[in-house]
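The structure appears right after this line, and notes come after that.
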Amino acid sequence: MSVTSEKTGLSLTQEILSHLGLANKTAAWGTLGTLRTFLSFSVDKDVQRLLRAITGQGVDRTAIVDVLTNRSREQRQLISRAFQERTQQDLLKSLQAALSGSLERIVVALLRPAAHFDAQELRTALKDSGSAEDVVVEILATRTPAQLQECLAVYRHDFQVEAEEDIKSETSGTLQDLLLALAKGGRDSYSEIIDYNLAEQDVQALKQAEGPSTEGTWVLILTQRNPEHLVRVFDQYQRCTGHELEHTVRNRFHGDAQMALLSLASVIRNTALYFADKLHQALQETEPNYQVLIRILISRSEADLLSIRAEFKKKFGKSLYSSLQDAVKGDCQLALLTLCRAEDL
């Protein structure tokens, strides 16, 4: 039996936007990101300002941050090309020579095209970090199909190997199967038709997939079904078993495979909350995990960072902006705060 879905209740983000009078103004609001196209954009002025910031007496870090964190990714690419044309110098290399530390890493992330940045993060996670499941699941599971395909194409071009081949060489078992399935990008597209029969079939399949050699069932369902369908499956699974699906994952799987499946379930349930949790964890370390902060704040700044901020404040009782102010010091604080944009009262 199939029926057309009806939306009941507002999401946290919708509630916030409705209070702001913006819930139904998608044309005016346009995005749930914190960073939008700079309306008074002048590529010539930005190039001149960056050139003065680099070549003047002392590096003007504030000017560099002000330009790059207040322009969309597309505008930053225009600045980079114009800088090359006018000065015969590569903007990224010039800024790398002038900066160091975490601020340099932020600038690199801001100036690289998104697909190139994601491809490098994937490569580093698979080859160097020893924690492939964390970063790889984040990128493979949260990018749009078009973004993922572009990322994998850049990976192939830059590293002369398919990402799938690196996944095969660096991982094994259920983790490998899960990452390969995500990399294929074969998830069902969203449909407003609720397939109750398929949801029931998936619940029963997961309930029965608790013995040996049944890991493939988990991988198939969690990587092929669309998120809206899976949320219904998760809810129905809990009603049938008396516990959340994640409880079974913790008992059924171990090690990297368990962590990857739990991360994927978190993305499916609430992507904004998933990122809020990762940001909070990065800020709780003795030294903030700048790589995580940079990757998430930049990659989500034009997508859904407002939603992430709302989930962060709701769960932890403190705004993301204030948390960044307290934990992040030095030159990169201004850059990350500007990307975050504002306090949530």
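The values are calculated or read from the model by the stated rules, or taken from the named source; none is laboratory data. It should be emphasised that the depicted structure is a prediction, and the values quoted were computed from it without experimental measurement. Glycine gets a Cβ as well: all are built from the backbone with ideal geometry, and neighbour counts include every protein chain shown. We work out accessible area using only protein heavy atoms, side chains counted, and drop any ligands, DNA or RNA first. Shrake-Rupley method; radii C 1.70, N 1.55, O 1.52, S 1.80 Å.
Remind me, relative contact order of the chain in percent, using alpha carbon pairs under 8 angstrom and six or more residues apart? Worked out over the chain, it gives 22 percent. For the chain, the 222 nm mean residue ellipticity estimated from helices alone, with every DSSP H stretch of n ≥ 4 adding -39500 (n - 2.57) and the total spread over all residues, rounds to -21000 deg cm²/dmol. Along the axis of the charge dipole computed for the chain (Cβ charges of +1 for Lys and Arg, -1 for Asp and Glu, origin at the Cα centre), the listed residues ALA260, PHE41, ALA183 are led at the positive end by PHE41. For Rg/Rh (Cα atoms, Kirkwood Rh), computed directly from the structure shown, the correct entry in (i) 1.13; (ii) 0.99; (iii) 0.95 is (ii).
Entry comment: accessible area of the range 271-340 is 37 Å² per residue, from protein heavy atoms only and a probe of 1.4 Å. Ordering ALA98, THR144, THR174 by Cα displacement along the dipole of the chain toward the positive end leaves ALA98 in first place; charges were set at the Cβ atoms of Lys, Arg (+1) and Asp, Glu (-1). Is the C-alpha gyration tensor of the range 108-224 telling us rounded, prolate or oblate? Criteria: a/c under 1.5 is rounded; beyond that, a/b larger than b/c is prolate, otherwise oblate. Oblate. Against the criterion of solvent-accessible heavy-atom surface with a 1.4 angstrom probe, LEU305, LEU334 sort, most first, into LEU334, LEU305. Counting only alpha carbon atoms, the long axis of helix 43-55 and the longest principal axis of the chain meet at about 70°.
The slack in the chain from TYR196 to THR214, taken as 0.36 nm per residue of separation less the alpha-carbon distance, amounts to 4.2 nm.
Rolling a 1.4 Å probe over the protein chains gives PHE316 an accessible area of about 60 Å². Cα centroid separation, the range 52-72 to the range 290-330: 23 Å. Note on LYS207 and GLU228: with the Förster distance fixed at 22 Å, the Cβ-Cβ geometry gives a FRET efficiency of about 0.55.
Helix 132-142 and the long axis of the chain differ in direction by around 90°, with both axes built from C-alpha atoms. Cα centroid separation, the range 126-155 to the range 214-253: 22 Å. For the chain, the share of accessible area belonging to carbon and sulfur comes to 48 percent (1.4 Å probe, ligands and nucleic acids excluded).
Roll a 1.4 Å probe over the protein chains and send me the accessible area per residue for the range 114-184 in Å². Walk me through the numbers before you get to the answer.
On the way: 3070 Å² over 71 residues.
Heavy-atom SASA per residue in the range 114-184 reads 43 Å².
On full extension, the segment bounded by GLN284 and GLN89 gains 66.3 nm, given 0.36 nm per residue less the C-alpha separation. Normalised by the number of residues in the range 114-184, the average gap of Cα pairs under 8 Å and 6 or more apart makes the relative contact order 36 percent.
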